[in-house]
Structure formats: structure tokens, C-alpha cells
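Structure first, commentary second.
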Amino acid sequence: MSNLAIRSAAKVGRRGCGMHRFWPGLCAGVLLAVVPLATAQASSLQQLEQQQHQTSQQLNAEQSQLKATQNSILSTQSRIQQINQQIAQDRSRVAAIDGKIQATQAALTATQAQITSITKHLHYEASLLTAQVRLMEEHGAIGYLDVLLGAKSFSNFLSRLYMLSQVATMASNLVDQIKAQDNQLHQKQAQLVSQKNQLVSLQQQAVAATNAEQAAASSATALVISLHSQEQQQSAYIAQLKARLTSLVQQIQQLLAQFTGGYLSQHQLFTALYPLVQSATTQLGGGLPPALVIAVITEESGGNQHAVSPAGAVGLMQVEPGTAAPIEAELGLPPSALYNAEDNLLIGCFELRYLLDYFGGYGASANVSPSLAIPPGNSSTYLSEALAGYNAGPGSVKAYGNLAGLFAQSWGASVHQYVANIEALYLQYSQWAP
């Protein structure tokens, strides 16, 4: 905005004395109605304003709902990613569990083979013991006596007796060892079976969790598809609302054109301009009074969006291309925006807000009140300085130190009248503002 602050006094010659270029009656003070609009036209204007307000509300509501839908889509897509990650983790767990199950099954198979081998050995040992028992049953102690009586000496007899005792002890110990090994094998087999059952249970749980996550992912995907469908429907509806709003704006602009032809009163001009101006000030963050902007429009162009001054000032706000260029760049508007009524209004409001803050300090544009315009054309408030800067350039106001010095120049009377006219209109329009 630095190039806005250094505009020179030459702007007076480029812009001229406001609306007197288009409607000499405006420079004389408060505008008067030329010919009252018919009752049917006033009713039509009110209906258009109501339709525009309702359409704007519907558009805002649909845009809010669209934004909420888009946020819901993003949230659902994030949830789907989390679900897919969880599914990948569950599958990894299932693969690990399958590996453990296979290892356990291999160990179980080896253990079962070992048990089978030991069982065969036990059967063999049992058959030997059974044979010995049968020998004892059939021959009683005779079987053992045969061994003993076969001794050729007493020492041999003792030796054979000791040998039989050792054999009996070894047989008893072997039986105990076999029984202990058998018990251990049974316990190990029971543990392996328990572990296998636990692993199978974990696998089933993992599979169930994976199925649940996949079902949730499918549901989330269906929700995303549904939300995209709703988004498309809302986008189509918003496009319809925008088209309807554009139509209403065009109708209002047609009514504005009637004002320049003398068919609308001041009040009807204010009523027709108010929705458009309020929309522009809202886009800039609010704070700038629509009544003040409409007063500037009335003085500058009389509401004629096609007005072009001999010095090249364009549109409703009579903005010069050189002044508009940095504002268009800051607002992201094309150079042709100056010739569009809505963009011209937005650029002019931006310049006016800047001048109010420039002369009144940071945030001054948000505190402009009609009391600053009393008496009209005074030289003691930043409102008057900003309006003089809008007409003659802020450099001219600064060059003479104050408005009194500026108004004292040979061409300063026209600037003084310009400021007085706008402030008088601002006081009047403020009474009509909703």
C-alpha cells in the first residue's frame, strides 16, 4: 500500500470534484429524488433484496455444510488408513502365530515320536517283567534256586545270590525311571497341547479382529463414497445458488441504472446499493460502514457502474487504474476487475479503508461513526482527511499540513465541497441503515 500513501495533489485534476462530472446536482449537497419510483418498482426492489438475502444465507449454509462434509471425508480417510495399518499389523501377528503353531506342531510330532519309542521300550520291559513274574508263578522260588543251586561252592553261591539281588534292584530302579519318564512325557505332551490350544485361540482372535477391521474399512469406504456424492450434490446446489445470486445482482444493477436516469429516489438508491456494499465490506473483514461507502458512491458516480471520468476514473467508486493496480495485486484480482461492478466496489472500499487507517491510525476504519461527520466538511477529524485524500490524494493532504491549508488553495474549494457533500450523505444514510 506504500504507493497509495504517496499519491500527489495531481489526483484532483485526474479525478475532478466527484459526482459533479456526472450529476451537477450532487455537488450542491444532499441529493433529492427526481421522480418517485412507482409502488410496484419499490415492491419489486424489496422482493429482490429479500431473495438476495435468503439466497446469500442459503449459500453460506451450503458452503458451511460442504466444508463439514469435506472435513468428514478427510477424517474418514484418515480412519481408513489407520484401519489398513491395523489390518497389516494383525496379518503380521497371524503370520507370526502360524509360525509358532508350525514350530509347536513340529515339536509335538517329535515328542509324540519319542513317546512312541519309549512306549515300545516300556512294552518290551513290561514283557520281560511279565515273563519273570510268570516264571516265579510257575516255579516259585525254584527258578531262583536253580540259579543258586547251580553254584559249585559257597562263595559262588553268595556271589550268585548277590548278583540276583543286584539284578532285582536294577530292575526295580529301571521300572521307576521308566515310570518317571512316562510321567514327564505325559506332562510335556499336556503342556504342548495347552500351548497349541492357546495359539489356535490367538489365531482365531486375530482372524476375527482382521475381519472386523476389514468390515469397518468397507463401511468407511462406503461412507466416503456417500460423502463424495453429497459433496457433488452440494457443489451443484451452490452453483445454482451462485447463479441465482448473480441474477439478483444483475437485477439490482438494472435498478441502479434507473437512478442515474432519474427514476429512483435517494432512499431507493441506498436500499438497492446496501446488499452489494455490505457484501464487499464483509469480504474485507467488516468494520467499514456501508452507509459511508454508499455516500462516496453517490458523490462519485451516482450509482452508475459504467461511469468513466475524463481523467480515466472508472465505475461506482471512480477508481483510477494507477490506484487500483497495487490493490488488485494484493486482492488477487485481474487488471480487468476495475470494470466489474463488484470488484470495483471491493477495490474502492479497500482504498477508503486504507485512507481511514492511514489518517486515523490502526483500526480507525472500524470506528468510523456519523459523529465524525458533524458538521459536514469539518477539518478536524480523520474522516474528513480520508475523504479529501480519496478525492485529491493523501500526498496533497499531507503536503499542506492540514485540511485548512488544503481548502485554502485555489482548487481546494472543490475538495471542501466534495467532503461536505459525502459527510452530509453519510449522516442521512446512517439513519436508513438496518
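The values are calculated or read from the model by the stated rules, or taken from the named source; none is laboratory data. Everything numeric in this text was worked out from a predicted model, so none of it was measured. Here the Cβ is made from the backbone with ideal geometry for all residues, glycine too, and neighbour counts use every protein chain on show.
Per-residue answers, yes or no, for (1) in contact with a Leu (Cβ under 9 Å, 6 or more places away or on another chain); (2) acidic (Asp, Glu):
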site: 276; (1), (2): yes, no
site: 298; (1), (2): yes, no
site: 313; (1), (2): no, no
site: 328; (1), (2): yes, yes
site: 337; (1), (2): yes, no
site: 348; (1), (2): yes, no
site: 355; (1), (2): yes, no
site: 361; (1), (2): no, no
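Need the failing condition index for residue 380 against (1) without any contact (Cβ under 8 Å) to a residue 40 or more places away in the chain; (2) in a helix (DSSP H, G or I); (3) surrounded by fewer than 19 Cβ atoms within 10 Å (Cβ to Cβ), just the number.
(2)
Can you find, within the range 111-130, the residue that is nearest to the chain's Cα centre (by Cα) among those that are surrounded by 11 or more Cβ atoms within 10 Å (Cβ to Cβ) and at pLDDT 75 or above?
Among those residues, the one meeting the criterion is 112.
Is it the case, given these coordinates, that residue 276 is more than 12 Å from residue 346 (Cα to Cα), assigned by TED's automatic domain parsing to the domain that holds residue 339, part of a helix (DSSP H, G or I) and hydrophobic (A, V, I, L, M, F, W, C)?
no
Please list, ordered by first then second residue, the pairs with beta carbon atoms under 7 Å, 6 or more apart or interchain, first in the range 276-287 and at pLDDT below 90, second outside any helix (DSSP H, G or I).
Taking only residues 6 or more apart or on different chains, not a single pair turns up.
Which residues, counting only those in the range 185-203, are more than 14 Å from residue 108 (Cα to Cα) and either of a type in the set (Asp, Glu) or out of contact with any helix residue (DSSP H, G or I) (no Cβ under 9 Å at 6 or more places or on another chain) (or both)?
Within the range 185-203, 198, 201 qualify.
Give the range 347-366 a look and list any residue that's aromatic (Phe, Trp, Tyr) and within 19 Å of residue 323 (Cα to Cα), or say none.
Across the range 347-366, the qualifying residues are 350, 354, 358, 359.
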